[in-house]
Amino acid sequence: MKSTHTNADMSHQNGIVYKTGVFFNALKEHGVVPTLRKIGQRIFYKIKGVDFSTQNIYDLTRTGEHQENGTALVSTSVDFLKQLLTDLESCVDAPLKKELFVDYGSGKGAALIHAKKLGFKKAIGVEFAKELHEQAQSNIEKLNLKEVESIYADATTYTLPNNISLIYFFNPFDELVMRKVIANILEQKEQFENEVYVIYGNASCNVLKENLTLLKEVKYPSGATADFFKL
Ligand SMILES: C[S@@+](CC[C@H](N)C(=O)[O-])C[C@H]1O[C@@H](n2cnc3c(N)ncnc32)[C@H](O)[C@@H]1O
(Lines give C-alpha, C1' and ligand atoms only; values in the text may rest on other atoms or scores of the structure.)
Protein backbone atom coordinates (compact mmCIF):
# COMPACT_ATOMS: atom_id res chain seq x y z
CA MET A 1 0.00 0.00 0.00
CA LYS A 2 1.36 3.43 -0.97
CA SER A 3 1.65 6.17 1.63
CA THR A 4 -0.57 9.16 0.91
CA HIS A 5 2.04 11.96 0.89
CA THR A 6 -0.50 14.68 1.60
CA ASN A 7 0.71 18.09 0.42
CA ALA A 8 3.82 16.43 -1.07
CA ASP A 9 6.11 18.26 -3.51
CA MET A 10 5.58 16.51 -6.88
CA SER A 11 7.13 19.19 -9.11
CA HIS A 12 9.97 16.82 -10.15
CA GLN A 13 7.40 15.13 -12.42
CA ASN A 14 7.47 18.16 -14.72
CA GLY A 15 11.28 17.98 -15.08
CA ILE A 16 13.13 16.70 -18.14
CA VAL A 17 14.81 13.79 -16.27
CA TYR A 18 11.48 12.43 -15.01
CA LYS A 19 9.82 12.91 -18.41
CA THR A 20 12.69 11.12 -20.19
CA GLY A 21 12.25 8.20 -17.78
CA VAL A 22 8.52 8.11 -18.50
CA PHE A 23 9.23 8.14 -22.24
CA PHE A 24 11.61 5.14 -22.08
CA ASN A 25 9.26 3.25 -19.75
CA ALA A 26 6.39 3.82 -22.17
CA LEU A 27 8.55 2.58 -25.06
CA LYS A 28 9.45 -0.56 -23.11
CA GLU A 29 5.92 -1.20 -21.85
CA HIS A 30 3.77 -0.24 -24.85
CA GLY A 31 6.08 -0.19 -27.90
CA VAL A 32 6.83 2.49 -30.51
CA VAL A 33 3.41 3.14 -32.09
CA PRO A 34 1.41 3.70 -28.87
CA THR A 35 4.24 5.87 -27.50
CA LEU A 36 4.25 8.02 -30.64
CA ARG A 37 0.44 8.25 -30.42
CA LYS A 38 0.83 9.45 -26.86
CA ILE A 39 3.35 12.11 -27.90
CA GLY A 40 1.01 13.19 -30.73
CA GLN A 41 -1.80 13.60 -28.22
CA ARG A 42 0.45 15.67 -25.92
CA ILE A 43 1.31 17.96 -28.85
CA PHE A 44 -2.41 18.30 -29.69
CA TYR A 45 -3.17 19.33 -26.10
CA LYS A 46 -0.22 21.75 -26.09
CA ILE A 47 -1.49 23.43 -29.27
CA LYS A 48 -5.01 23.67 -27.80
CA GLY A 49 -3.61 25.12 -24.55
CA VAL A 50 -4.92 22.19 -22.49
CA ASP A 51 -2.84 21.68 -19.34
CA PHE A 52 -2.79 18.45 -17.31
CA SER A 53 0.66 19.00 -15.78
CA THR A 54 1.55 17.84 -12.28
CA GLN A 55 1.14 20.54 -9.64
CA ASN A 56 1.77 20.90 -5.93
CA ILE A 57 -1.28 21.92 -3.93
CA TYR A 58 0.23 23.39 -0.73
CA ASP A 59 0.34 26.90 -2.24
CA LEU A 60 -3.16 26.74 -3.77
CA THR A 61 -6.46 28.09 -2.43
CA ARG A 62 -8.24 25.08 -0.94
CA THR A 63 -11.84 25.09 0.24
CA GLY A 64 -13.31 23.21 3.20
CA GLU A 65 -11.92 21.70 6.36
CA HIS A 66 -9.57 19.10 4.85
CA GLN A 67 -6.92 21.35 3.37
CA GLU A 68 -4.01 19.35 4.82
CA ASN A 69 -5.40 15.93 3.86
CA GLY A 70 -5.06 16.00 0.07
CA THR A 71 -2.39 14.75 -2.33
CA ALA A 72 -0.68 16.77 -5.08
CA LEU A 73 -2.19 16.88 -8.54
CA VAL A 74 -0.97 14.04 -10.74
CA SER A 75 -3.25 13.59 -13.74
CA THR A 76 -4.56 10.25 -15.00
CA SER A 77 -3.47 9.48 -18.57
CA VAL A 78 -5.99 8.32 -21.14
CA ASP A 79 -4.11 5.02 -21.59
CA PHE A 80 -4.22 4.33 -17.86
CA LEU A 81 -7.95 5.05 -17.64
CA LYS A 82 -8.58 2.87 -20.70
CA GLN A 83 -6.63 0.04 -19.04
CA LEU A 84 -8.61 0.49 -15.81
CA LEU A 85 -11.94 0.30 -17.63
CA THR A 86 -10.83 -2.83 -19.52
CA ASP A 87 -9.72 -4.46 -16.28
CA LEU A 88 -12.98 -3.54 -14.56
CA GLU A 89 -15.03 -4.92 -17.44
CA SER A 90 -13.11 -8.20 -17.29
CA CYS A 91 -14.33 -8.84 -13.74
CA VAL A 92 -18.02 -7.86 -14.01
CA ASP A 93 -20.78 -10.02 -15.51
CA ALA A 94 -22.69 -7.45 -17.57
CA PRO A 95 -21.18 -4.72 -19.76
CA LEU A 96 -20.37 -1.60 -17.77
CA LYS A 97 -23.13 1.02 -18.00
CA LYS A 98 -21.30 4.17 -19.06
CA GLU A 99 -23.89 6.56 -17.64
CA LEU A 100 -22.18 8.86 -15.11
CA PHE A 101 -18.50 8.92 -14.13
CA VAL A 102 -17.57 10.83 -10.96
CA ASP A 103 -13.96 11.63 -10.05
CA TYR A 104 -13.36 12.60 -6.41
CA GLY A 105 -10.38 15.00 -6.41
CA SER A 106 -10.50 15.71 -10.13
CA GLY A 107 -7.59 18.17 -10.44
CA LYS A 108 -7.33 19.69 -13.91
CA GLY A 109 -10.10 17.43 -15.21
CA ALA A 110 -7.94 14.87 -17.06
CA ALA A 111 -9.85 11.78 -15.95
CA LEU A 112 -13.20 13.50 -16.65
CA ILE A 113 -12.15 14.46 -20.15
CA HIS A 114 -10.79 10.97 -20.87
CA ALA A 115 -13.92 9.30 -19.40
CA LYS A 116 -16.16 11.33 -21.70
CA LYS A 117 -13.96 10.42 -24.67
CA LEU A 118 -14.07 6.75 -23.61
CA GLY A 119 -17.86 6.68 -23.86
CA PHE A 120 -19.39 7.94 -20.61
CA LYS A 121 -22.53 10.04 -21.17
CA LYS A 122 -21.51 12.45 -18.44
CA ALA A 123 -18.47 13.07 -16.25
CA ILE A 124 -18.40 15.15 -13.07
CA GLY A 125 -15.36 15.98 -10.95
CA VAL A 126 -15.10 17.42 -7.45
CA GLU A 127 -11.95 19.44 -6.77
CA PHE A 128 -11.11 21.45 -3.64
CA ALA A 129 -8.22 23.51 -5.07
CA LYS A 130 -9.64 26.60 -6.78
CA GLU A 131 -6.82 27.04 -9.30
CA LEU A 132 -7.03 23.39 -10.40
CA HIS A 133 -10.82 23.56 -10.72
CA GLU A 134 -10.45 26.69 -12.87
CA GLN A 135 -7.84 24.98 -15.06
CA ALA A 136 -10.25 22.01 -15.44
CA GLN A 137 -13.00 24.39 -16.57
CA SER A 138 -10.62 25.98 -19.04
CA ASN A 139 -9.49 22.57 -20.38
CA ILE A 140 -13.11 21.44 -20.84
CA GLU A 141 -13.93 24.67 -22.65
CA LYS A 142 -10.89 24.49 -24.94
CA LEU A 143 -11.84 20.96 -25.98
CA ASN A 144 -15.45 22.11 -26.44
CA LEU A 145 -16.82 19.21 -24.39
CA LYS A 146 -20.43 19.03 -23.26
CA GLU A 147 -21.61 17.01 -20.24
CA VAL A 148 -18.24 17.35 -18.52
CA GLU A 149 -18.32 19.35 -15.31
CA SER A 150 -15.83 20.38 -12.62
CA ILE A 151 -17.28 21.32 -9.22
CA TYR A 152 -15.29 23.40 -6.72
CA ALA A 153 -15.91 21.70 -3.36
CA ASP A 154 -14.44 19.52 -0.66
CA ALA A 155 -15.17 15.89 -1.56
CA THR A 156 -16.86 15.23 1.80
CA THR A 157 -19.62 17.72 0.99
CA TYR A 158 -20.54 16.30 -2.42
CA THR A 159 -23.80 14.39 -2.99
CA LEU A 160 -23.74 11.96 -5.92
CA PRO A 161 -26.48 12.12 -8.57
CA ASN A 162 -28.70 9.01 -8.60
CA ASN A 163 -27.58 7.92 -12.07
CA ILE A 164 -23.98 7.34 -10.95
CA SER A 165 -22.38 4.25 -12.49
CA LEU A 166 -18.64 4.61 -11.89
CA ILE A 167 -16.77 6.31 -9.04
CA TYR A 168 -13.07 7.03 -9.49
CA PHE A 169 -10.44 7.81 -6.86
CA PHE A 170 -6.84 8.37 -7.97
CA ASN A 171 -5.28 8.46 -4.49
CA PRO A 172 -6.76 11.92 -3.85
CA PHE A 173 -6.71 12.14 -0.04
CA ASP A 174 -5.94 10.36 3.19
CA GLU A 175 -7.93 7.87 5.23
CA LEU A 176 -9.78 10.49 7.29
CA VAL A 177 -11.35 12.10 4.22
CA MET A 178 -11.91 8.75 2.50
CA ARG A 179 -13.87 7.48 5.52
CA LYS A 180 -16.23 10.48 5.38
CA VAL A 181 -16.65 10.23 1.60
CA ILE A 182 -17.44 6.50 1.69
CA ALA A 183 -19.89 6.97 4.59
CA ASN A 184 -21.75 9.61 2.53
CA ILE A 185 -21.82 7.39 -0.55
CA LEU A 186 -23.11 4.37 1.39
CA GLU A 187 -25.84 6.49 2.96
CA GLN A 188 -27.10 7.26 -0.55
CA LYS A 189 -26.69 3.73 -1.92
CA GLU A 190 -30.39 2.78 -1.96
CA GLN A 191 -31.21 5.69 -4.27
CA PHE A 192 -28.76 4.74 -7.02
CA GLU A 193 -30.39 3.61 -10.27
CA ASN A 194 -27.46 1.56 -11.64
CA GLU A 195 -25.03 -1.04 -10.45
CA VAL A 196 -22.19 1.18 -9.15
CA TYR A 197 -18.51 0.27 -9.48
CA VAL A 198 -15.55 1.95 -7.84
CA ILE A 199 -11.95 2.16 -9.06
CA TYR A 200 -9.29 3.15 -6.53
CA GLY A 201 -5.96 3.90 -8.22
CA ASN A 202 -2.76 3.86 -6.14
CA ALA A 203 -4.71 3.04 -2.97
CA SER A 204 -3.25 4.51 0.22
CA CYS A 205 -5.80 3.25 2.75
CA ASN A 206 -8.03 0.26 3.44
CA VAL A 207 -11.34 2.12 3.83
CA LEU A 208 -12.76 0.79 0.57
CA LYS A 209 -11.64 -2.77 1.32
CA GLU A 210 -13.38 -2.56 4.68
CA ASN A 211 -16.67 -1.23 3.30
CA LEU A 212 -17.14 -2.37 -0.31
CA THR A 213 -16.99 -5.65 -2.22
CA LEU A 214 -13.49 -6.10 -3.64
CA LEU A 215 -13.59 -7.56 -7.16
CA LYS A 216 -9.96 -7.47 -8.12
CA GLU A 217 -6.55 -5.92 -7.32
CA VAL A 218 -4.01 -5.21 -10.07
CA LYS A 219 -0.40 -4.09 -10.02
CA TYR A 220 0.78 -2.63 -13.33
CA PRO A 221 4.35 -2.76 -14.73
CA SER A 222 4.65 1.01 -14.20
CA GLY A 223 4.27 0.41 -10.45
CA ALA A 224 0.74 1.87 -10.38
CA THR A 225 -1.95 -0.19 -8.65
CA ALA A 226 -5.72 -0.35 -8.88
CA ASP A 227 -8.40 -1.91 -6.71
CA PHE A 228 -11.80 -2.59 -8.27
CA PHE A 229 -14.98 -2.69 -6.19
CA LYS A 230 -18.73 -3.08 -6.42
CA LEU A 231 -20.70 -0.76 -4.16
C1 LIG B 1 -3.65 12.54 -7.45
S2 LIG B 1 -4.63 13.93 -7.95
C3 LIG B 1 -5.82 13.14 -9.02
C4 LIG B 1 -6.36 14.04 -10.12
C5 LIG B 1 -7.43 13.46 -11.00
N6 LIG B 1 -8.33 12.59 -10.28
C7 LIG B 1 -6.87 12.69 -12.16
O8 LIG B 1 -6.89 11.46 -12.06
O9 LIG B 1 -6.41 13.29 -13.14
C10 LIG B 1 -5.58 14.26 -6.45
C11 LIG B 1 -6.46 15.48 -6.50
O12 LIG B 1 -7.35 15.46 -5.38
C13 LIG B 1 -7.58 16.79 -4.95
N14 LIG B 1 -8.11 16.72 -3.58
C15 LIG B 1 -7.43 16.39 -2.46
N16 LIG B 1 -8.22 16.45 -1.37
C17 LIG B 1 -9.45 16.81 -1.81
C18 LIG B 1 -10.70 17.02 -1.16
N19 LIG B 1 -10.86 16.88 0.16
N20 LIG B 1 -11.76 17.36 -1.93
C21 LIG B 1 -11.63 17.51 -3.28
N22 LIG B 1 -10.47 17.36 -3.94
C23 LIG B 1 -9.39 16.98 -3.22
C24 LIG B 1 -6.20 17.43 -5.09
O25 LIG B 1 -6.28 18.84 -5.13
C26 LIG B 1 -5.73 16.82 -6.42
O27 LIG B 1 -6.12 17.62 -7.50
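The values are calculated or read from the model by the stated rules, or taken from the named source; none is laboratory data. Since the structure is predicted, the reported quantities are computational estimates derived from the model, not experimental observations. Because the Cβ atoms are built from the backbone with ideal geometry, glycine has one as well, and the counts that use them run over all protein chains shown.
Residues in the stretch 152-192 that are under 14 Å from residue 64 (Cα atoms) and more than 12 Å from the ligand (Cβ to nearest atom): none. Applying the criterion of being surrounded by 15 or more Cβ atoms within 10 Å (Cβ to Cβ) and out of contact with any helix residue (DSSP H, G or I) (no Cβ under 6 Å at 6 or more places or on another chain) to the residues of the stretch 31-47, the residue that is modelled with the highest pLDDT is 45.
Against the conditions (1) within 14 Å of the chain's Cα centre (by Cα); (2) more than 27 Å from residue 176 (Cα to Cα); (3) buried (at least 17 other Cβ atoms within 10 Å of the Cβ), residue 106 satisfies every one except (2).
Pairs linking a residue in the stretch 197-216 that is free of Cβ contacts under 8 Å to residues at least 24 places away in the same chain to a residue that is more than 14 Å from the ligand (Cβ to nearest atom), with Cβ atoms under 8 Å and 6 or more positions apart or on different chains, are 209/227; 213/229; 213/230; 213/231; 214/208; 214/227; 214/228; 214/229. In the condition set (1) farther than 17 Å from residue 78 by Cβ; (2) near the ligand (Cβ under 8 Å from one of its atoms); (3) among the aliphatic types (A, V, I, L, M), residue 110 is compliant with all but (1). If a residue has to be at pLDDT below 70 and among the hydrophobic types (A, V, I, L, M, F, W, C) to count, how many in the stretch 1-21 make the cut? Of the residues in the stretch 1-21, 3 are at pLDDT below 70 and among the hydrophobic types (A, V, I, L, M, F, W, C).
With a requirement of 1 or more residues that are modelled with pLDDT of 95 or more, surrounded by 20 or more Cβ atoms within 10 Å (Cβ to Cβ) and in contact with a Pro (Cβ under 6 Å, 6 or more places away or on another chain), none of the strands (runs of 3 or more DSSP E) lying completely within the stretch 141-231 satisfies it. Just give me the residues in the stretch 116-133 being touching a strand residue (DSSP E or B) at 6+ places or on another chain (Cβ under 8 Å) and without any contact (Cβ under 8 Å) to a residue 60 or more places away in the chain, in sequence order. Those that are touching a strand residue (DSSP E or B) at 6+ places or on another chain (Cβ under 8 Å) and without any contact (Cβ under 8 Å) to a residue 60 or more places away in the chain: 116, 120, 121, 122, 123, 124, 125, 126, 127, 133.
The residues in the stretch 80-103 that are surrounded by fewer than 19 Cβ atoms within 10 Å (Cβ to Cβ) and either under 24 Å from residue 180 (Cβ atoms) or of a type outside the set (A, V, I, L, M, F, W, C) (or both) can be counted, and the count is 11.
Restricting to the stretch 157-173, count the residues that are touching a Gly at 6+ places or on another chain (Cβ under 7 Å) and more than 16 Å from residue 123 (Cβ to Cβ). Final tally of qualifying residues: 3.
The sole residue among 78, 50 that is within 13 Å of the ligand (Cβ to nearest atom), touching a helix residue (DSSP H, G or I) at 6+ places or on another chain (Cβ under 7 Å), at pLDDT 95 or above and within 30 Å of residue 156 (Cα to Cα) is 50.
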